[in-house]
Structure formats: structure tokens, C-alpha cells
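Derivation of every value follows stated rules applied to the coordinates shown; laboratory data play no part. Treat the numbers as computed from the prediction; the structure is a model and nothing was measured. Cβ: placed from backbone, ideal geometry, glycine included. Neighbour counts: every protein chain shown.
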Amino acid sequence: MKYSLKYLDSPWAIHIIVAAATVIRLGAIAVLGRRPLVGDAQLYDEFARRMLQGQSIYPLVPPGEGSYLALCYRVFGAIPLVARACMVPLAIAFFYAFHAAAVKFAGRRSANLAALVFAIYPLQILCSIEPITEMPAALLLMLSLLLVLSILARPGPAGFALLGLALGLLILTRPSALPFIVVLPAFLLLRSRNWLGSAIAAAIPALMIAAWIGGVYHSTGHFVMINFSSTQNVFLGNNPYTPLYRTWWLTTHGDNPEQLPAAYRTLNAQILRAPWYEQNGIYRRAALQSIVSRPDLFLLRTANRIRVYFAFDSYTGSLLLNRYRLGRKLAFAAIALDGALFVLFAASALLFLFTVPHDYGAFRPALIIAGMIAIYAGPYFLSVSHPIYHFPTVPLMGLLAAGLWSGLPDWQAQILARPEWPIANQSAAVGAAILFIYVQVEYAFVMYHFSSR
């Protein structure tokens, strides 16, 4: 085993891993390439086509992914094969960004080992070949972390400006990342005392968002806060017909109205009869009314959303089985591998956070990483939650996992040498482990129960 792992110390290892990962993704594209796009990918495809045709903006989805697709379509043609192939460069950039962060955090061997895991991670493969926002969000979140760590080590205007650009692109790709526009510049201000730099890091994404909002107003005559599907999701996750655990249900079964409650179909039809620029306000008011009238159900759904967010993903297997009709064996193999690799990353990350010594060099970066995971995840705890939404934060968990793996041979000795571990941390660590296991078993039970009905 040691003899095998020594190859991961090579500076060439990451290039070999990326090459192998690219071959896997190109093979997947060869299988799926000409099949029609499904799910959210259809919405970004439609956004891109509207841009190419010079039509007015319809801001249902955020502009980041659709604008990138439009650029690819303009150069290579507007077909599903191009949409999928254009995601591969983003995946390659992700691998190198992740590797750069992991080398700083945990060393080359653990960085390459974690990258190798991502190379065969089914959800990562899916997000590398489907034109959805998870891959660009993961890339931009990792670049933001790299820039934060770089600024903390050596503050400079270029670093703050690049961070602002990364945050702007991230928010215009996944508007749920909006809290970062405040939190990261404020954090850097506290740590660096650089008022100008922190202001630049906040001002650039604010200007990018304002420019998009202004463009929508110029095109449509209406103000929209980036997009209105985000507000719609708050409604779909907080109305009298939202399932208590499967808060994502109404977002994924709109194409099968017979599976939805009749009263919900009537309510949604009434909303959809209004002009699109009025629907946003109607959705917001309906969601707030539901939350205020039944705060107990809101709190219950929120607790369930938190647990679902940290469950293993089943979306890849579901897509392979139900949309692409590639067979149960492949679908269940994807779910099993997704689950195993997610548990590996998340459990390793948890163990690292509970055991890393406070005087260890990676302690402060680990807190920053954990904070970024919490900030990114927060909005999903209030609207709709599904395990696929956690994908952009899995690489951050991967960094923490690599931190554990880098010190694994000496980890037991380090823990036993710390007298405060058995008293202060053991109960919390055991409790977190039990809760994490429960979350995985609960999600598996719920999915099996409903799939077998």
C-alpha cells in the first residue's frame, strides 16, 4: 500500500489524474451526448438560446450558466453534445483549483488522493457533463477560498479584486451564495484591517449584480433580484402542500401533475396566470403566509432540510434510471458509489474538525472552510433541500478530509497525547458521528419507502 501511495507524491500525479478523469467524462458524453437535456439543464439551454436569438431576458434562472452556454453555442453550435462538452473545461479547472488548495492545506500526497476520489465520484462526473450550475459553483467557491487564503497571507489589491470577481460570478451562478458578498469582505476586514481592499471585494460583485438587474430592467421594464426561481423555491419549500421531509418534491415533479396534490395544482395554476413579473411577489407572500401561520411546520421542515442537505446523493442514479433509461444496475451502482465516497469525505472531514489541534497549522484554514460550508448551505435550510445541492461544498469537505489523511499515521498518537480530548471533544465527536450515520440511514429509508410504493 505504501509503495502504491508513493506515486501520489509525484508532481506529475495530478496531471495523470486529470487526464484519466477527462477520459471518463468524455466517455460519459459519448454515451449521453445526443440525448435531449433534462431537468434544470433544459432551463439553462433555453436561456442560452434566447440570448443567441436576441430575445428579451426571461430571468427565471440566474444568468451565469446560461451565458456560458450561449458563448459555447455561438462558437460550436446549439446542440446537447456541445452543452455537455463545454462543461468539461470547467471540470478540468476545478481539479487544478482543488489540487492547489489541497496541496497548501494537506500536502501533495493527500491532495492527489482526494483528486483521485473526485475523478471517479459519480455526482462529480454528472456535474462535469450536464450544463447545470453545480460544477461552476464548486469551481468558483474553491477559487474564492484560494483567494481568501492568499489575501490572509499577503494582502494586495489584485487579490481583493479577483475575489470580488469570483464572488460576483458565483452569485450570478448560484444566487444562494449572496451572503458571501457581506461575510467574506467583513471577515477579511477584521483580519487584514485593509478597508480599501475589503471594499473592493464587496463593491465588484455588487456592481456585477446591479449591472445584471439593470440589464433585466432595460430588457423587460421590471426589476428582478437576479432571478425569480429562487423566490419560487422558497414558496415550493414553504407552503401547506410541501412534504415535511422531501421539501424538494414540488420542484422535481412539476412535469407529473398527477402526482401532486389537487389543491396545490389549483393554487399554482392561479399564480401562473399572473404575469411573470408579478409571480415573484405572489410566491413571496404565499411562502411568508405559510411560515407565519404554521411556524411549527416551518421549524420541522428546516430541521429536515438540514439533515437532507448532508445526506448522500441519489440524483445521479435517479437520472440514469428515470430520465436516461440506462438500467437499474448502473443506477444503483452510481448511488452506492456516490454514497460511499460522500461518507468517506464527510466522515473524514468531521473527524478532522474534532481532532485537529488548535496549534496545528491547518486549524485556522479549517475553520474558514467549515464556515464557508455553513454559509453556502444556509439558504437551502430555509427553502428547499436535496443532497445534490451539497455538491459545491463537497470539495471543501474534501480539503478537510485530505487534512486528516495527511496526518493519519500519527493521528491516534496525537489524540491520545491530548488530555483534553477525552473530556472536551469525545462526546461531541461521538454525537456528531451518530447523527451523521442516522442522516444517511434516514434518507436511504425514505427514498426506498417512496420508490417501492
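Couple of notes before you dig in:
- Lys/Arg +1, Asp/Glu -1 at C-beta; the chain dipole; positive extreme among Pro36, Ala311, Ile57: Pro36
- Residue-wise HN-Hα couplings along the range 77-94, as the Karplus relation 6.51 cos²θ - 1.76 cosθ + 1.60 with θ = phi - 60° gives them from phi, are x, 8, 9, x, 4, 5, 4, 6, 5, 6, 7, 5, x, 5, 5, 5, 4, 4 Hz; Gly and Pro carry x.
- Annotation: amide H of Thr247 within the under-5 Å range of Ser385, sequence separation 5 or more or interchain, hydrogens built in the peptide plane.
- Residue-averaged [θ]222 nm for the chain, counting only DSSP H segments that reach four residues, each worth -39500 (n - 2.57): -23000 deg cm²/dmol
- This ranking places Ile171, Ile132, Ile16 by how few other beta-carbon atoms lie within 10 Å of each, fewest first, which gives Ile16, Ile132, Ile171.
- Rounded tilt (10° steps) of 157-173 against the dominant C-alpha axis of the chain: 50
- In order along the range 323-339, phi translates into HN-Hα couplings of 9, 9, 6, 9, x, 5, 4, 5, 5, 6, 5, 5, 4, 5, 5, 3, x Hz, rounded to whole numbers, per the Karplus curve 6.51 cos²θ - 1.76 cosθ + 1.60 with θ = phi - 60° and x for Gly and Pro.
- By the Cβ distance rule (another cysteine Cβ under 4.7 Å), the unpaired cysteines of the chain are Cys127.
- Against the chain, whose longest principal axis comes from its Cα atoms, helix 180-192 is set at around 30 degrees.
- Tilt relative to the chain, helix 262-272 - C-alpha long axis, 0 to 90 degrees, to 10: 80
- The dipole here belongs to the range 229-293: it is taken about the Cα centre, uses +1 on the Cβ of Lys and Arg and -1 on the Cβ of Asp and Glu, and is about 140 debye.
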